[in-house]
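The values are calculated or read from the model by the stated rules, or taken from the named source; none is laboratory data. Because the structure is a prediction, the values reported are computed rather than measured. Cβ atoms come from the backbone with ideal geometry, glycine included; neighbour counts cover every protein chain shown.
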Amino acid sequence: MVITTEARQVCRAVGSLLYPALEFGTKPNGTYPSEDFSRVLTRSAFHREFTNTSARHLQLARGEELDLEDRSPLSKSLLYHLGEMDADAIDDQFDGIREQFLVQARKARRFPSTAEVALDLHEWLYYGSKQTPMVSRINPDRGTNLAYVFVTLCVVSPSVRFTLASEHVARTDTQSLIKAIREVIETARQAVSITRIYCDRGLYRVELVDELIDLDVEFVIRAPKTPGIKRVLGDHDESVFVTDYELVRKRSPTMRVPVTLVVVPHQSRDDDSLCLITNHERTVDEAIPLAQAYRRRWGIETSYRKIGEFLPRTTSPVFAVRLFYFLFAVALYNLWIVVCLLLSEQRRESTRPAVSTATFRFFLGPVTYG
């Protein structure tokens, strides 16, 4: 049983790891202190509001006189300061925040030393100009083919879906993705020993597979039904089989990467197969268990949805603003995960979070609003 008083205390204690660490580049004699900016961002994240709306509500609640036909001066000041920040400085401060979360979880012996992880692309859809810096082209989705794209690496264990690392990519070409993937894996390895990485078919590229092999990490990647995969499926009558396979890049520079292809029946579609590639040898008896393990990768979709619950709304094309907002949302999400970990002994059902995100927002609110 999770007691209200303890849950509130844990939320406030862990929240103290986040807010004092936020830097906005404000000056001691500035019009608004950094605490005001934290309050605005938190309200924007919790209520999915635009910054102007959150800032206006805060100023009205304090009895300040405003021109309601103009943008909130607090909002303008926040966006100005964020826009002046260096992207590397933003990354650095949130790296430090994430490390503090991990330290707290380790002290309580609630964070694993080894973990299976999922690697994926988080696309924050963008509806502005295609000339906007740091925006990537993506497959059309909900009325746009543009997005700010982040490579993220998340623990797949249901009770520890902590986002270990994230890296923005200005382009989704293979070389840019290789660089970002190497960076997030190296960052994650500072926190845990990675036992296996799961990837969706969007990362099924010869060069990326070769990079994962070079990084000496076991991977399981869903394979799309390419002509080569279809030929192998046509050569086998069995619904479950394991065979050697080779990924081939025919364009110069050519490349061949040997892998193991694992095929099992699709879980929800009759007369269809789930195809996976891995860099470890597998037997037929291991095929079904490997597919069941791969399905844990869908936990990262839950993580993305939860991160989206903490993402402030904005139309700003300024990359520093977008980067700060996204990393702030990840920090709030990870903060919620740490709270659930610290309360894990009190849970009646180990498969459910100790507190919902709605309750977490309620308990954390006084830390920033008060």
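In region 92-112, which residue that is of a type in the set (Gly, Ala, Ser) and modelled with pLDDT of 90 or more is surrounded by the most Cβ atoms within 10 Å (Cβ to Cβ)? So the residue we want is Ala105. Taken over region 335-368, residues that are at pLDDT 85 or above and of a type in the set (Ser, Thr, Tyr) amount to 3.
Taken together, Glu238, Glu207 contain a single residue that is within 30 Å of the chain's Cα centre (by Cα) and of a type in the set (Asp, Glu), which is Glu207.
Conditions tested, residue by residue: (1) within 21 Å of Ser157 (Cβ to Cβ); (2) assigned to a helix (DSSP H, G or I).
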| residue | (1), (2) |
| --- | --- |
| Ile277 | no, no |
| Glu286 | yes, yes |
| Ile300 | yes, yes |
| Tyr304 | yes, yes |
| Ser316 | no, no |
| Tyr333 | yes, yes |
| Val355 | yes, no |
| Thr359 | no, yes |
| Leu364 | no, yes |
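Note on region 144-177: among residues that are touching a Phe, Trp or Tyr at 6+ places or on another chain (Cβ under 7 Å) and among the small types (Gly, Ala, Ser), the one that is farthest from Glu301 (Cα to Cα) is Ala147.
Here Val156 clears all of (1) at pLDDT below 95; (2) in contact with a Lys or Arg (Cβ under 6 Å, 6 or more places away or on another chain); (3) surrounded by fewer than 22 Cβ atoms within 10 Å (Cβ to Cβ) except the condition numbered (3). In region 138-152, is there at least one residue being under 21 Å from Ile181 (Cβ atoms) and among the small types (Gly, Ala, Ser)? Within region 138-152 (the criterion being under 21 Å from Ile181 (Cβ atoms) and among the small types (Gly, Ala, Ser)), the answer is yes, since at least one residue qualifies.
Out of the helices (runs of 4 or more DSSP H) lying entirely within region 1-112, which hold 2 or more residues that are within 19 Å of Ala331 (Cα to Cα) and not small (Gly, Ala, Ser)? Filter on region 1-112 gives 4-18, 34-47, 73-83, 87-107. Scanning region 58-101 for residues that are out of contact with any Lys or Arg (no Cβ under 7 Å at 6 or more places or on another chain), without any contact (Cβ under 8 Å) to a residue 24 or more places away in the chain and of a type outside the set (Asp, Glu) yields Gln59, Leu60, Ala61, Arg62, Gly63, Leu68, Arg71, Lys76, Tyr80. Among the residues of region 280-307, just one is buried (at least 19 other Cβ atoms within 10 Å of the Cβ) and polar (S, T, N, Q), namely Ser303.
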